[in-house]
1. Just to be sure I understand the curve: with the Debye formula and one point per C-alpha of region 223-330, what is log10 I(q)/I(0) at q = 0.20, 0.22, 0.23 Å⁻¹?
2. Highest mean first, how do 59-65, 49-55, 319-325 rank when packing is the count of other Cβ atoms within 10 Å averaged over residues?
3. Past 30 Å, Cα to Cα, is the threshold; run 265/290; 87/192; 159/192; 192/273 against it and keep the listed order.
4. Counting heavy atoms of the protein chains only and a 1.4 Å probe, report the per residue accessible area for region 124-256 as a whole number of Å².
5. Just in region 247-301: which trypsin sites (Lys or Arg not before Pro) are loop by DSSP and have at most 16 other Cβ atoms within 10 Å?
6. Given 0.36 nm per residue, what is the gain on full extension from residue 202 to residue 36 after removing their alpha carbon distance, in nm?
7. Around residue 121, under 13 Å between beta carbons, what's the net of Lys plus Arg minus Asp minus Glu among the other residues?
8. Take every DSSP beta bridge with both residues inside the chain and express the antiparallel ones as a percent of the total, to the nearest 5.
Amino acid sequence: MKRRSLLQSALAVAALPLLSLQALPAWAQGAWPSARPVTIVVPFPAGGSTDMVARALALQLQTRLGGSFVVDNRPGATGTIGTGQVKRAPADGYTLLVSSLGAFVVTPHLLKGVPYDATKDFDYISVPVQAPNVLVANVARPERTVDEVLALLRKTPGKVSFASSGNGSSDHLSAELFWQQSKTEGVHVPYKGGAPAVNDLLGNQVDFSFQNVNAVLPHIRAGKLRAIAVTGDKRSPVLPEVPTLAEAGVKGAEVYSWQGMAAPKGLPPATKKALSDAVIAAMQDPELRKRMLDQGLEIVASTPEEFTAFQLREWTRWKTLIDTRRITAD
């Protein structure tokens, strides 16, 4: 009798770890995302708008989903190197991509041998934010309205300089679309990044540029650059006095720069939903929302279905412009 009691006690003790494990929530048992850190690849250098958005999301996702989310900057080849690395990663939720529109809908039309197919190789999760571009002039220029810029372009075709952060960037495409829709021509001056383009604008070395609102807002407010029009379908809340291009008479030239989150194709449905729900909730966080809006970014917080449809529309739109305008990466 005593031996049976001891045996029963031993079995009960042995079962305790199993019972305790079964009582733990799924995340504590090694389920996503607790098994190891989740890497958010940003295919551009640190410090830019995309990097800022990715780091803000990493903190929010870590708070909302548990686990650890870290940003890994993998720049090169206009965003295609880091994006290609994400495409080759396992579709287990531990490798994510946060990129601007370039890698998703522009660069594949400009470069040969891009190591991914943006229409097939990714699960699209959400577009958290977007921002219009703003047509700015250096303060030495006398032009203050779109009509005056158009008059200058028609008077001196092919001689007025427009800076951009590089071939195929949203600021470059904004200029090309502006010229196409207004039947004018300027001179595209590409730089290796937005910072040197803005520096030469501030130094009056180039005439105009279509820059992301958030990138030049401090310079506009300080009177160091002149805002002439925004490329959105409505006025920017941070530049309410600046008209849209459509209001100024140039229709069909709406452009938004945007950031999107994606994952390798085949992401488990539950993981995709958890991520999209967390991103959407994050963009409604009062503190984060205010920080984004104060910088000129507009909240989108789209669903996976909305982002997937949007990516295809943007893919077609920019391919048509690039082909029509014969834009190249050189």
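The values are calculated or read from the model by the stated rules, or taken from the named source; none is laboratory data. All of these numbers come straight from a predicted model, not from anything done at the bench. Glycine also receives a Cβ, built like all others from the backbone with ideal geometry; neighbour counts cover every protein chain displayed. What goes into the accessible areas is simple: the full protein's heavy atoms, side chains included, and nothing from ligands, DNA or RNA. Shrake-Rupley method; radii C 1.70, N 1.55, O 1.52, S 1.80 Å.
1. -1.20, -1.25, -1.27
2. Values: 59-65: 17.3, 49-55: 21.1, 319-325: 13.4.
Per-residue mean Cβ counts within 10 Å order the peptides as 49-55, 59-65, 319-325.
3. Values: 265/290 33 Å; 87/192 25 Å; 159/192 21 Å; 192/273 37 Å.
Check vs 30 Å cut-off fails for 265/290; 192/273.
4. Numbers: 5180 Å² over 133 residues.
Roughly 39 Å² per residue, with all protein chains present.
5. 251, 265
6. 55.2 nm
7. With Lys, Arg at +1 and Asp, Glu at -1, the neighbours total +2.
8. Details: 24 of 39 bridges.
Taking every DSSP beta bridge with both residues in the chain, the antiparallel ones total about 60 percent.
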